[in-house]
Amino acid sequence: MIRIAICCGEGYSSGFLSRYLAEAVVKEKLQDRVSFIFIPFWQLYDRQEEADIAFVMPHMGPRIVDDKREYRLPMYIIPYKVAIKPKAEDYLEDAEDIMEISGGKGGIFCFPGEEHLLHVTRLMSHRKFMNQTPDKRGRRKIL
């Protein structure tokens with residue numbers, strides 16, 4: 001079971017998203033694989049033991065980057081478009097893959113090629129997106 005903390009500043013967007021994803025877990029029958037919890041970003045450092053990974057809302061990106069504390073859990077800034085059409089399974093797959101990338105270390109992690117949140121165009125997990133053919137990913141074919 002992976003415990004994913006959904007974080008933002010005061011909790012409006014992350015509170016809504018974490019409740020939505022908790023309901024999606026039941027609909028998608030993923031109760032044995034993932035759980036979502038809302039933790040405001042300002043409490044995350046002191047509550048790290050409650051989650052295995054933190055997904056931070058995109059508008060908090062600059063704040064998380066400026067936070068110089070050493071976190072024990074991996075943190076992933078959710079790209080804007082990924083937050084538009086959330087499925088619990090997609091968030092679970094992204095969490096599994098980011099945790100693998102992190103190698104058990106804490107700090108901020110992202111998928112290769114997704115360093116700039118505004119350029120991310122996928123509406124699914126990174127894993128599913130990468131398994132599509134290149135032309136379906138929205139990239140131009142090179143002739």
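Below are the figures for this structure:
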{"item": "Lone unmet requirement of (1) in contact with a strand residue (DSSP E or B) (Cβ under 7 Å, 6 or more places away or on another chain); (2) within 15 Å of Cys7 (Cβ to Cβ); (3) without any contact (Cβ under 8 Å) to a residue 60 or more places away in the chain for Ser102", "result": "(2)"}
{"item": "Residue check for Tyr76: of a type outside the set (S, T, N, Q) and within 17 Å of Val34 (Cβ to Cβ)", "result": "yes"}
{"item": "Candidates Pro79, Pro40, Pro74, Pro62 - the one that is closer than 24 Å to Arg122 by Cα and surrounded by fewer than 21 Cβ atoms within 10 Å (Cβ to Cβ)", "result": "Pro62"}
{"item": "Residue list for the stretch 1-37, filter: at pLDDT below 95, of a type outside the set (A, V, I, L, M, F, W, C) and either outside any helix (DSSP H, G or I) or surrounded by fewer than 21 Cβ atoms within 10 Å (Cβ to Cβ) (or both)", "result": "Gly9, Glu10, Gly11, Tyr12, Ser13, Gly15, Arg19, Tyr20, Glu23"}
{"item": "Condition check for Met60: touching a Cys at 6+ places or on another chain (Cβ under 6 Å) and touching a residue at least 40 places away in the same chain (Cβ under 8 Å)", "result": "yes"}
{"item": "Neighbours by Cβ (under 6 Å, 6+ apart or cross-chain): first from the stretch 29-48, closer than 19 Å to Gly107 by Cα; second among the charged types (D, E, K, R) and outside any strand (DSSP E or B)", "result": "Ile39/Arg47; Tyr45/Arg69; Gln48/Arg72"}
{"item": "Answer residue from the stretch 82-125, given it is of a type in the set (Asp, Glu) and surrounded by 11 or more Cβ atoms within 10 Å (Cβ to Cβ) and is nearest to Ala22 (Cα to Cα) among those", "result": "Glu89"}
{"item": "Pairs, first under 12 Å from Tyr80 (Cα atoms) in the stretch 115-130, second among the β-branched types (Val, Ile, Thr) and in a loop (DSSP other than H, G, I, E, B), C-beta under 8 Å, six or more apart", "result": "Leu123/Ile84"}
{"item": "The stretch 105-134: number of residues that are touching a strand residue (DSSP E or B) at 6+ places or on another chain (Cβ under 9 Å) and more than 16 Å from Val56 (Cα to Cα)", "result": "1"}
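The values are calculated or read from the model by the stated rules, or taken from the named source; none is laboratory data. As the structure is a prediction and not an experimental result, all values here were calculated from the model. Cβ atoms come from the backbone with ideal geometry, glycine included; neighbour counts cover every protein chain shown.
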